[in-house]
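**Q** Right, I'll just put the structure down here and ask away after.
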Amino acid sequence: MQKNTKISMASVLLAAMLLLSGCRDNSTGSSAVTQAGAGAAASGNEVHFSIAYAAGDPATKQAIVATIGAFMKAHPDIIIQDSSELSASAYLDWLKFKDAVGEFPDLVEIRDTDAFAGAGKIVPLPADLLDLFGSLPQVNGKVWNAPLFGNAPEGIIYSKQAYTSAGITRLPQTYGEFLEIQQKLKANGITPLVVGGKDIFHMGFWVNKFLIDDVYAKDPDWNAKRTAGQVSFTDDNVVRAMSDFKELFETNVDKGWLGTSDNQTASILVSGRAAQLYSGTWMFSQIEEAGPDFEYGFYALPDREGRRNIVGLPSPSGWSMSAEAAKDPDKMEAMKEFIRFFFAPEPYSIFLAGINGLPSTKEKVTYETGEQMKEALRLVADPDVTKSLMINNWWGDNLIPPEFRNWFYKLLQEMVVNDGNVAEYMKRADLEYDRQVRDNRL
């Protein structure tokens, strides 16, 4: 099965190279834009639009750049300017800055749909694009996004060699058994877990693992209740979740986690400096690139009762069109053409294969997968696995203040580093949440 995964990734890279031949030099995505723009200049009827997306994950960045290049090769009269930056740690702040200086992108990946729709910065997705997709969440009764992919489950990506060397013969059936595995790894001289804490978004993987198990799996409307003052971060279930988070980081995570970036985690895992990484399916291609012969597995980490709860519900995020760009009919048609191309079966399958993503389209899209992705797909299809969302991916009444997520993750980092009292830190979370709710209502 491991071999099949690598053959699949080689096919993906070859397909992308063939699509991009003639559109690239030997540099990066920005040179692809330049080359394609030069080729289109002779047409005399160019349409330009800018594009932006959260570029913190290298695999997703490369896959989107490849699709942009392929599109411009097929449409030499449409020039796309990629204005994304190589960090998603503060993507919302970056978009706000671009808006403030009058450079809000024309076609933009939006994750905080409520905020940007409410501010009039984006327009609803055109009606003639809606049929491309399956489930499309609505915000205020309208669809605003063309979802790049379905929300993929996160779980433990582990070194098979490390597990074998430590005498681990079966995967954990409860969270308690998972903790026992960590003891076996340490006893065998292996650091159990690598965490890319330098990038604040990476903290969300573990934070939300515990929040989903103890909060959202049982109460999907917890955010709305918190905004209404009916529940608290100091409630037993939240304190228990964050206590588990703190204990895990203090006892089983590599001590350099706060200085480790997300894009270093694959090489640390492959090199044997850590046995496990908690992340999503997009990491599979990065791991295989870092270690072509590295053998690894993937599983959803069960809760204390043995239930498996994963990220997997649809959320309102994806490609959105700016209100300013929508005023230009030519630009609107060009952006619609790009969206149709992006989600067409061939380019979309190449894009998804590059990130091991789940399709969001109505039309069936397939690509070769290895055992790890097959397990992720099995989890998504399993009716006994509870599907949820991260704290900041809910919408409507369950929307949290847009700045709270990063603030909360940083608070938890401080709590671990300072060995803080969990209940006291959760009191601070309550105060800040209420302050941000008040400020966002002004």
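The values are calculated or read from the model by the stated rules, or taken from the named source; none is laboratory data. Being a predicted model, the structure only gives us computed values, none of them experimental. Here Cβ is always computed from backbone atoms with ideal geometry, including for glycine, and neighbour counts include all displayed protein chains. These area figures cover heavy atoms from the full protein model, side chains too; ligands, DNA and RNA do not enter into them. Shrake-Rupley method; radii C 1.70, N 1.55, O 1.52, S 1.80 Å.
**Q** Name the residue that is least open to solvent (accessible area, probe 1.4 Å), counting only residues in the stretch 95-115 that are without any contact (Cβ under 8 Å) to a residue 60 or more places away in the chain and either hydrophobic (A, V, I, L, M, F, W, C) or touching a helix residue (DSSP H, G or I) at 6+ places or on another chain (Cβ under 8 Å) (or both).
**A** Going through the qualifying residues, I end up with L95.
**Q** Only one residue in R273, R340 is open to solvent by 60 Å² or more (accessible area, probe 1.4 Å) and farther than 27 Å from I78 by Cα, so which one is that?
**A** Going through R273, R340 in turn, just one is open to solvent by 60 Å² or more (accessible area, probe 1.4 Å) and farther than 27 Å from I78 by Cα: R273.
**Q** Please state which one of V231, V207, V215 is part of a loop (DSSP other than H, G, I, E, B) and not small (G, A, S).
**A** None of the other options fit; the residue is V231.
**Q** Take the stretch 150-188 and flag every residue that is among the β-branched types (V, I, T) and surrounded by 15 or more Cβ atoms within 10 Å (Cβ to Cβ).
**A** Passing the criteria: I156, I157, I168, T174, I181.
**Q** Now, a different point. Of all residues in the stretch 338-355, how many are in contact (Cβ under 8 Å) with a residue 60 or more places away in the chain and among the charged types (D, E, K, R)?
**A** Result for the stretch 338-355: 1.
**Q** Out of all the residues in the stretch 313-337, which are in contact (Cβ under 8 Å) with a residue 24 or more places away in the chain, surrounded by fewer than 22 Cβ atoms within 10 Å (Cβ to Cβ) and of a type outside the set (D, E)?
**A** The answer is L313, P314, S315, A323, A325, A326, K331, M332, K336.
**Q** Tell me which residues, restricted to the stretch 289-302, are surrounded by 22 or more Cβ atoms within 10 Å (Cβ to Cβ) and either out of contact with any Lys or Arg (no Cβ under 8 Å at 6 or more places or on another chain) or more than 22 Å from G155 (Cα to Cα) (or both).
**A** Hit for the stretch 289-302 is F298, nothing else.
**Q** I would also like to ask the following. Name the residues in the stretch 66-83 that are open to solvent by 30 Å² or more (accessible area, probe 1.4 Å), assigned to a helix (DSSP H, G or I) and not charged (D, E, K, R), would you?
**A** Result: A74, single match.
**Q** Hey, among the residues in the stretch 270-305 that are of a type in the set (G, A, S) and out of contact with any Ser or Thr (no Cβ under 6 Å at 6 or more places or on another chain), which one's modelled with the lowest pLDDT?
**A** Looking at the filtered set, the residue picked out is S285.
**Q** Continuing with the same structure: Could you list, in sequence order, the residues of the stretch 189-204 that are in a helix (DSSP H, G or I) and open to solvent by less than 10 Å² (accessible area, probe 1.4 Å)?
**A** Across the stretch 189-204, the qualifying residues are H202, M203, G204.
**Q** Would you mind finding the one in L92, L86 that is at pLDDT below 90, open to solvent by 10 Å² or more (accessible area, probe 1.4 Å), in a loop (DSSP other than H, G, I, E, B) and not small (G, A, S)?
**A** One residue alone meets the criteria, L86.
**Q** On to the next question. What are the pairs with Cβ atoms under 9 angstrom where one residue, in the stretch 65-77, is closer than 12 Å to A334 by Cβ and the other, located anywhere, is assigned to a loop (DSSP other than H, G, I, E, B) and basic (K, R)? Sequence gap at least six, or different chains.
**A** none
**Q** Tell me whether the stretch 131-148 contains one or more residues that are touching a helix residue (DSSP H, G or I) at 6+ places or on another chain (Cβ under 7 Å), within 28 Å of G297 (Cβ to Cβ) and touching a residue at least 60 places away in the same chain (Cβ under 8 Å).
**A** Checking the stretch 131-148: not a single residue is touching a helix residue (DSSP H, G or I) at 6+ places or on another chain (Cβ under 7 Å), within 28 Å of G297 (Cβ to Cβ) and touching a residue at least 60 places away in the same chain (Cβ under 8 Å).
**Q** Would you mind stating whether T265 is in contact (Cβ under 8 Å) with a residue 60 or more places away in the chain, open to solvent by 60 Å² or more (accessible area, probe 1.4 Å), among the hydroxyl-bearing types (S, T, Y) and not in a strand (DSSP E or B)?
**A** no
**Q** Being aliphatic (A, V, I, L, M) and within 26 Å of R441 (Cβ to Cβ) is true for just one of L211, L277, L269, L258. Which residue is that?
**A** Testing whether each residue is aliphatic (A, V, I, L, M) and within 26 Å of R441 (Cβ to Cβ) leaves just L211.
**Q** Restricting to the stretch 376-425, give me the number of residues that are open to solvent by less than 10 Å² (accessible area, probe 1.4 Å), among the aromatic types (F, W, Y) and touching a Ser or Thr at 6+ places or on another chain (Cβ under 7 Å).
**A** Within the stretch 376-425, residues that are open to solvent by less than 10 Å² (accessible area, probe 1.4 Å), among the aromatic types (F, W, Y) and touching a Ser or Thr at 6+ places or on another chain (Cβ under 7 Å) number 0.
**Q** Continuing with this model, one more query. Taking only the stretch 111-155 into account, find how many residues are in a strand (DSSP E or B), within 21 Å of the chain's Cα centre (by Cα) and either of a type outside the set (A, V, I, L, M) or at pLDDT below 95 (or both).
**A** Residues that pass the stated criteria total 5.
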